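Right, one structure below, let's go through it.
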Amino acid sequence: MSRLLARCGPLLAVLAVLGAWWAAAATGALADPFVLPAPGAVARAAAALWRDGTLPHELGVTLGRTLAAFALALAAGAAMGLAMGRSATARAALRPLVGLGFATPKIALFPALVILLGLGSGAKVALGFAEAVFPIAAATAAAASQVPVPLVWSARAAGASRAAVALRVVLPAALPGLLSGARIGLVGAVIGVYIGEMVASSDGLGHLMVAGWRQLETDRLYVSVAAVSLLGFALDALLLLARRRLLRWAPEQAA
Amino acid sequence: MTAAGPPGGTRPKLRLAGVAKEYTGRRRGTVRAIGGVDLDVRPGEFVSLVGPSGCGKSTLLYIIGGFVAASGGTVDCDGRPVTAPGPDRGIVFQEFALFPWRTVAGNVAWALARRGVPRAERPAATARLLETVGLAEVARLYPAELSGGMKQRVAIARTLAQDPDVLLMDEPFGALDAQTRALLQEELLAVWERTGKTVVFVTHSVEEALYLSDRVVVLSRRPARVLEVIEPGFARPRDREKVLADPAYPALHARVWELLRAGGAA
């Protein structure tokens, strides 16, 4: 019984939220249908947007930008984190940068990014990158600085060069921490790209949301919100799957 | 202190001359960990370092390994000064230090690869090394799936894979239960007798040092110096029961303890 509940729990929770939404919309208890359209209306709008090709297109645009931002942030964040974790010089040089970047509201940089990179994908990818790179760098740095010394020494004694130690000992040893940072970074990339599309764009899910708002078609607005949430959820689930595969060797980490 | 040189005229495998180590800490000022150690280890010899807890015997081992720089004196291996870690000096740690993301076979094969063993020859060489430490069956498991004794066997196999002349062992059996420890001591002796490696073995167990070693180097408390070098002299190959029953054993045991107590009195 409890196992059945555990299996169906997530589904029940989603149904409960949808039910509450429907009830609130149907009774007009929370707000009128213009502010909060019923789930059915949003679903119909989504189906229509899917059929006419708008939703697949905007989803594809946002997905492409998110993946580009995340891939760049993963490469840069991991490299910065490894350097900070293993070299005192790199730590001294990068720590203030990462600390400041972590705290900066990235959206404040967006006008500058638009001036630099234009109204196309560049500025959105850059904003997603800025949201994603700092948590990845910070988590990788923390993990890399905690790699047990005997592990590094064993490798050095076996004849591994410093570069080989960094790539083949420190990197895999820091992988659990790196992947925890990557999870936060991935969601950050989705948010950064979406916000960039909201502020200045002619395509993408963020643009769909703002267009729905401006044209007073609130059901389209909610389609966009639901779509970007599901996109982030699906990407996070994929990352968790990859993490489970990559960390097979550490049963307690893979859970 | 007199230089603790081996008898006979062969060139030493390792020569420590006036090795000293000082740490400068922010809060406690300068701490002298090692106060000048002279020691020669001849090729194929099994030497143990014993001393009071915290006397710097592990640090001395790390200096021989080239992992930690001495602040005074020199370490020569085969007549060449030690400045960095090298494949001629393998190390085994108390905490095993296996790569948890590699399988048992992967850990051993990794060390073979660093030595330049061609890819095609690695599986057979790995199997041979795992056979040596009695672990042929678990080649495909990950370290997390092994017991402590098995992990340390893998670590020994991985270190043997780099084919070092000198085996540095830092309390390698200190984390194991008494039975496993006794088994691994016997296996280590068998491997040592077969391979002829030079072993420098750090331990806090007087029994272990006397049972395994050609010479037991007793160090003082900080700053560590050589108090005395004891040669147990039991016949090889050694048998634990015969060693324990040897008439000379109690006196040797008592002597080491006496030195540790005198040197370790705070």
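Check B:GLU137, B:GLU95 and return the single one that is surrounded by fewer than 19 Cβ atoms within 10 Å (Cβ to Cβ), among the acidic types (Asp, Glu) and farther than 30 Å from B:LEU259 by Cα.
Details: B:GLU95 fails: farther than 30 Å from B:LEU259 by Cα.
Going through B:GLU137, B:GLU95 in turn, the sole match is B:GLU137.
Would you mention how many residues in the stretch B:126-145 are more than 12 Å from every other protein chain (Cβ to nearest Cβ), touching a residue at least 40 places away in the same chain (Cβ under 8 Å) and aliphatic (A, V, I, L, M)?
1
Being without any contact (Cβ under 8 Å) to a residue 60 or more places away in the chain and β-branched (Val, Ile, Thr) is the filter here; which residues of the stretch B:60-93 pass it?
B:ILE63, B:VAL68, B:THR74, B:VAL82, B:THR83
So, in the stretch A:1-54, how many residues would count as being assigned to a loop (DSSP other than H, G, I, E, B) and over 18 Å from A:LEU230 (Cβ atoms)? Working first, answer last.
Taking the stretch A:1-54 first, the residues assigned to a loop (DSSP other than H, G, I, E, B) are A:1, A:28-38, A:52-53.
Keeping just the survivors that are over 18 Å from A:LEU230 (Cβ atoms) gives A:1, A:28-36, A:38, A:52-53.
Residues meeting the conditions: 13.
Return the residue satisfying two criteria in turn: it lies in the stretch B:81-92 and is facing another protein chain (nearest Cβ under 8 Å) and closer than 19 Å to B:THR132 by Cα, and of such residues it is surrounded by the fewest Cβ atoms within 10 Å (Cβ to Cβ).
Step by step, filter the stretch B:81-92, then rank; the result is B:GLY90.
What about A:THR104, is it away from chain B (no Cβ under 14 Å), surrounded by fewer than 21 Cβ atoms within 10 Å (Cβ to Cβ) and β-branched (Val, Ile, Thr)? It would help to see each step written out before you state the result.
Values: away from chain B (no Cβ under 14 Å): yes; surrounded by fewer than 21 Cβ atoms within 10 Å (Cβ to Cβ): yes; β-branched (Val, Ile, Thr): yes.
Yes.
Within the stretch A:153-166, how many residues turn out to be out of contact with any strand residue (DSSP E or B) (no Cβ under 6 Å at 6 or more places or on another chain) and facing chain B (nearest Cβ under 9 Å)? Explain how you work it out, then say what you get.
Of the residues in the stretch A:153-166, the ones out of contact with any strand residue (DSSP E or B) (no Cβ under 6 Å at 6 or more places or on another chain) are A:153-156, A:158-166.
Checking the rest, the ones that are also facing chain B (nearest Cβ under 9 Å) come to A:153-156, A:158-160, A:164.
Residues that pass the stated criteria total 8.
So the check is Cβ under 9 Å with 6+ separation or different chains; which pairs have a first residue in the stretch A:172-192 that's within 14 Å of chain B (Cβ to nearest Cβ) and a second one that's of a type in the set (Lys, Arg)?
Pairs that qualify, where the first residue is within 14 Å of chain B (Cβ to nearest Cβ) and the partner is of a type in the set (Lys, Arg), are A:PRO172/B:ARG102; A:LEU175/A:ARG243; A:PRO176/A:ARG243; A:LEU179/A:ARG243.
Could you check the stretch B:177-255 for strands (runs of 3 or more DSSP E) lying wholly inside it with 2 or more residues that are touching a residue at least 24 places away in the same chain (Cβ under 8 Å) and in contact with a Cys (Cβ under 6 Å, 6 or more places away or on another chain)? Steps first, answer last, please.
Values: elements: B:198-202, B:215-219, B:226-230.
Per the criteria, no element qualifies.
Given the conditions (1) touching a Phe, Trp or Tyr at 6+ places or on another chain (Cβ under 6 Å); (2) on the phi > 0 side of the Ramachandran plot, which single one is not true for B:GLY116?
So the condition that B:GLY116 fails would be (1).
So B:ARG122 ticks every box in (1) under 20 Å from B:LYS197 (Cβ atoms); (2) more than 9 Å from chain A (Cβ to nearest Cβ); (3) not in a loop (DSSP other than H, G, I, E, B) but one. Which box is left unticked?
Evaluating B:ARG122 over (1) under 20 Å from B:LYS197 (Cβ atoms); (2) more than 9 Å from chain A (Cβ to nearest Cβ); (3) not in a loop (DSSP other than H, G, I, E, B) leaves (1) as the failure.
With the requirement that a residue be surrounded by 20 or more Cβ atoms within 10 Å (Cβ to Cβ) and either small (Gly, Ala, Ser) or under 15 Å from the mean Cα position of the chain (by Cα) (or both), what does the stretch A:62-85 give you?
Within the stretch A:62-85, A:THR62, A:ARG65, A:THR66, A:ALA69, A:PHE70, A:ALA73, A:LEU74, A:GLY77, A:ALA78, A:GLY81, A:GLY85 meet the criteria.
Among (1) modelled with pLDDT of 95 or more; (2) outside any helix (DSSP H, G or I), there is one condition A:THR62 misses while meeting the rest; what is its number?
(2)
Go over the candidates B:SER48, B:SER53 one by one and state the one that is of a type outside the set (A, V, I, L, M, F, W, C), within 17 Å of B:LEU188 (Cβ to Cβ) and more than 12 Å from chain A (Cβ to nearest Cβ).
Numbers: B:SER53 fails: within 17 Å of B:LEU188 (Cβ to Cβ).
Answer to the selection: B:SER48.
Among the residues of the stretch A:143-152, is there at least one that is in contact with a Pro (Cβ under 8 Å, 6 or more places away or on another chain), touching a residue at least 12 places away in the same chain (Cβ under 8 Å) and buried (at least 17 other Cβ atoms within 10 Å of the Cβ)?
Just the residues of the stretch A:143-152 that are in contact with a Pro (Cβ under 8 Å, 6 or more places away or on another chain), to begin with: A:143.
From the residues that got through so far, the ones that are touching a residue at least 12 places away in the same chain (Cβ under 8 Å) too are A:143.
If we keep only those that are buried (at least 17 other Cβ atoms within 10 Å of the Cβ) too, we end up with A:143.
The answer is yes; a qualifying residue exists.
So which of A:ALA227, A:ALA132 ends up being small (Gly, Ala, Ser), crowded, with 24+ Cβ neighbours inside 10 Å, more than 30 Å from B:GLY65 (Cα to Cα) and away from chain B (no Cβ under 14 Å)? Please lay out each step first, then the result.
Working: A:ALA227 fails: crowded, with 24+ Cβ neighbours inside 10 Å.
Within the list A:ALA227, A:ALA132, the selection yields A:ALA132.
Residues A:ALA126, A:ALA142, A:ALA174: which one is within 30 Å of B:ARG115 (Cα to Cα), in a helix (DSSP H, G or I) and not polar (S, T, N, Q)?
Numbers: A:ALA126 fails: within 30 Å of B:ARG115 (Cα to Cα); A:ALA142 fails: within 30 Å of B:ARG115 (Cα to Cα).
It is A:ALA174.
Within the set of pairs 6 or more residues apart or between chains, which connect a residue that is touching a residue at least 12 places away in the same chain (Cβ under 8 Å) inside the stretch A:33-61 to a residue that is of a type in the set (Lys, Arg) and buried (at least 16 other Cβ atoms within 10 Å of the Cβ) with Cβ atoms less than 6 Å apart?
Hits for this filter: A:ALA45/A:ARG220.
Please give the number of the condition B:VAL166 fails out of (1) touching a Cys at 6+ places or on another chain (Cβ under 7 Å); (2) within 14 Å of chain A (Cβ to nearest Cβ); (3) surrounded by fewer than 21 Cβ atoms within 10 Å (Cβ to Cβ).
B:VAL166 satisfies all of (1) touching a Cys at 6+ places or on another chain (Cβ under 7 Å); (2) within 14 Å of chain A (Cβ to nearest Cβ); (3) surrounded by fewer than 21 Cβ atoms within 10 Å (Cβ to Cβ) except (3).
Scanning for something out of contact with any helix residue (DSSP H, G or I) (no Cβ under 6 Å at 6 or more places or on another chain) and away from chain A (no Cβ under 13 Å), does the stretch B:108-116 turn up at least one residue?
no
The values are calculated or read from the model by the stated rules, or taken from the named source; none is laboratory data. Given the structure is predicted, the values throughout are model-derived calculations rather than measurements. Because the Cβ atoms are built from the backbone with ideal geometry, glycine has one as well, and the counts that use them run over all protein chains shown.
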